[in-house]
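The values are calculated or read from the model by the stated rules, or taken from the named source; none is laboratory data. All of these numbers come straight from a predicted model, not from anything done at the bench. Quick reminder, even Gly has a Cβ in these numbers, built from the backbone with ideal geometry, and neighbours come from all protein chains shown.
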Amino acid sequence: MKKVFFLFLIVFASRFCSAQIPTFSENVASIIFNNCTGCHRPGNIAPFSLTNYDEVSGAAYSIIDAINNKIMPPWPPDSDYRHFVNERVLSNSEIQVINDWISFGMPEGDTSLLPPLPLFNEGSEIGNPDVQYNLPHYTLGSSVDEYRCFVIPSQFTQDVFIKAFEFIPGNKLIDHHAVIFWDTTGICNQLDMQSTETGYSSYSSFAGTVYAPKIAIWVPGSPPLVLPDKLGYRIPANADLIVQVHYPAGSVGLVDSSKLNIFYQSGFKIRNVSLKTTINVDDITNGPLIIPADSIKTFYAQAAFPVKTSLIAVMPHMHLLGKSTKTFAIQPSGDTIKLVSVPNWNFHWQGTYLYDKLMIMEENAMVYSEFTYDNTSGNLLNPNNPPETIYSGNSTENEMLLNAFLSVVYKPGDENIFLNSTDDTSNEFSDKFLVYPNPSNGNFVFQSDLKSNQKISLSILNTQGIILRKIASGIEFSQGLDFQIFDVSDLPTGIYLIKICTDKSIETKRLVIIK
């Protein structure tokens, strides 16, 4: 009897331990495919691919170092300070799964359970553009970082409203990031005509003139920023569009030919969205912006919102000496609103961060920013060795201090406009949901990361919020990582919303279907 009981314990323990050991096919692949493979695949900017078991297991120790130290996926903002749309952040559960998988010898598992690779559409992530501009072929001739501006006559015969700009990199190995401007002064066109090469150089965050407003930015791995209904970027008639592309050092002889997709905003009474610099060097309270050699220095700046404003997104900006930045606002009532924090600034990973709902700033609300710079030899991005005193300027070798906001003038009801599915209560103690592959052909996986067992119902909605069908009703999802596969391949190409109803919350996720 004792022998039988002992054997039972051995078998039970073996099965229990086996059930707890994560495998690549069942547990790890979905995390890697949806957070890493977008950049880590052939022909993209990442230095190695992560598309299958052999590639992931071969790079396992590089992966574990990057995710444990929160280096990858690249997401500069501090999610504990403020949440944004489309955060590229792994949950603690996902990080633990990968750690456990490596600790147990990286088992591949049942390959029949391996999820498909995401559908990486090379043409567009969000559908067919209304206009597509082809940038000229450009062969890089510089051995150092290059910022090349290309001028595109818009040929708009009247003012138009744009809901999304989508940059399509022509050479993902060298297209590090791109910034889009518009210009009605003709200055950018003159700079282009004066250049003996294709396009012209502008070693700054401007397109060669302060009179060309910046309207959008692209970085690898970030989806296009699509404005909701009745909001749009107003582009004046006959304006030139300027696309500034950053090419990294070591790209000599390589060729690029990228595209710019434009999607018009339809409807009437569209509100003009603007990207305004609210904080700059003139707002520093302990200036001027001078960083002595061999020093780490923090500057403080403040400014007021002159009118009641609804914030859509934020874009902090520094150059190579940037170390960290944080911004918050204080309403006239005394309430503090956290706006953005980037504790480990990296010049090569910056972007425009979309709030999950419109952030209302009352008239005379004060915005406060702090920017820290590292002008020591310990800063690996320091352009000078030994360090030299750095002054304010537009060149990359100089420094900037800037906080810009994408915003509209406040209108009653803005408090109820949500820009994403995830509400601001989302944090490490709340539940997390993932839909992949996205875009998909109509077959997708719904993955949950729950703090406790819950029943979940799912519905498919169109972009107007009308329910097209219910695809799940009260399905039991287990604590931790769990998933279900759904087939809605009969739906036509388009953008949809997945409404997620749990015991605790209701939220939505975007699903793009491309056939």
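Can you name the residue in region 482-515 that is under 24 Å from the mean Cα position of the chain (by Cα) and without any contact (Cβ under 8 Å) to a residue 40 or more places away in the chain and, of all such residues, is nearest to Glu125 (Cα to Cα)?
Ranking the candidates gives Tyr496 first.
Between residues in region 94-123 that are loosely packed, with under 14 Cβ neighbours inside 10 Å and residues that are not in a loop (DSSP other than H, G, I, E, B), which pairs lie under 6 Å by C-beta distance while being six or more apart or on different chains?
Once the first residue is loosely packed, with under 14 Cβ neighbours inside 10 Å and sits in region 94-123, its partners that are not in a loop (DSSP other than H, G, I, E, B) give Asp110/Ser25; Thr111/Ser25; Leu113/Ser25; Leu113/Glu26.
So which residues in region 21-37 are assigned to a loop (DSSP other than H, G, I, E, B) and surrounded by fewer than 22 Cβ atoms within 10 Å (Cβ to Cβ), if there are any at all?
Residues satisfying the conditions are Ile21, Thr23.
Report those strands (runs of 3 or more DSSP E) wholly inside region 302-377 carrying at least 2 residues which are farther than 18 Å from Ser274 by Cβ and polar (S, T, N, Q).
322-330, 336-342, 366-375
Quick check on my filter: what residues within region 131-158 are in contact with a Phe, Trp or Tyr (Cβ under 7 Å, 6 or more places away or on another chain), closer than 22 Å to Ala239 by Cβ and surrounded by 15 or more Cβ atoms within 10 Å (Cβ to Cβ)?
Leu135, Tyr147, Arg148, Cys149, Ile152
Quick test of your reading of the structure: Ile98 fulfils all but one of (1) of a type in the set (Val, Ile, Thr); (2) at pLDDT 90 or above; (3) under 21 Å from the mean Cα position of the chain (by Cα). Name the failing condition by number.
Looking at each condition in turn, Ile98 falls short on (3).
Six or more apart or on different chains, Cβ under 6 Å: which pairs go from a residue in region 258-280 that's touching a residue at least 40 places away in the same chain (Cβ under 8 Å) to one that's of a type in the set (Ser, Thr, Tyr)? Could you list them?
Taking only residues 6 or more apart or on different chains, the pairs are Leu260/Tyr133; Asn261/Ser124; Val273/Tyr233; Ile279/Ser369.
For the subset of region 163-175 comprising residues that are surrounded by fewer than 22 Cβ atoms within 10 Å (Cβ to Cβ) and out of contact with any Asp or Glu (no Cβ under 8 Å at 6 or more places or on another chain), which member is nearest to Gly38 (Cα to Cα)?
Step by step, filter region 163-175, then rank; the result is Lys172.
Consider only pairs whose beta carbons are under 6 Å apart and that are at least six residues apart or on different chains; among these, list those whose first residue lies in region 155-172 and is touching a residue at least 24 places away in the same chain (Cβ under 8 Å) and whose second residue is among the basic types (Lys, Arg).
Cβ pairs passing all conditions: Asp159/Arg234; Phe161/Arg234; Ile168/Lys259.
How many of the residues making up region 468-481 are crowded, with 16+ Cβ neighbours inside 10 Å and closer than 27 Å to Glu125 by Cβ? Let's see the steps before the verdict.
Quick first cut of region 468-481, residues crowded, with 16+ Cβ neighbours inside 10 Å only: 471-472, 477, 481.
Next cut, closer than 27 Å to Glu125 by Cβ only: 471-472, 481.
Number of matching residues: 3.
When region 71-96 is examined, which residues are found to be closer than 17 Å to Asn34 by Cβ and either among the aromatic types (Phe, Trp, Tyr) or not assigned by TED's automatic domain parsing to the domain that holds Ala60 (or both)?
Once the filter is applied, which keeps residues that are closer than 17 Å to Asn34 by Cβ and either among the aromatic types (Phe, Trp, Tyr) or not assigned by TED's automatic domain parsing to the domain that holds Ala60 (or both), region 71-96 yields only Trp75.
Can you tell me which residue among Ile330, Ile291 is aliphatic (A, V, I, L, M), free of Cβ contacts under 8 Å to residues at least 40 places away in the same chain and not assigned by TED's automatic domain parsing to the domain that holds Glu87?
Values: Ile291 fails: free of Cβ contacts under 8 Å to residues at least 40 places away in the same chain.
Exactly one residue qualifies, and that residue is Ile330.
Which of the residues spanning region 48-85 are assigned to a loop (DSSP other than H, G, I, E, B), surrounded by fewer than 17 Cβ atoms within 10 Å (Cβ to Cβ) and among the hydrophobic types (A, V, I, L, M, F, W, C)?
Hits for region 48-85 are Phe48, Ile71.
Given the options Ala293, Ala237, Ala249, name the one that is assigned to a loop (DSSP other than H, G, I, E, B) and at pLDDT 95 or above.
Ala293
I want to confirm something. Restricting to region 336-371 and keeping residues that are under 18 Å from Tyr410 (Cβ atoms) and free of Cβ contacts under 8 Å to residues at least 60 places away in the same chain, which single residue is surrounded by the fewest Cβ atoms within 10 Å (Cβ to Cβ)?
Among residues in region 336-371 that are under 18 Å from Tyr410 (Cβ atoms) and free of Cβ contacts under 8 Å to residues at least 60 places away in the same chain, the one surrounded by the fewest Cβ atoms within 10 Å (Cβ to Cβ) is Glu363.
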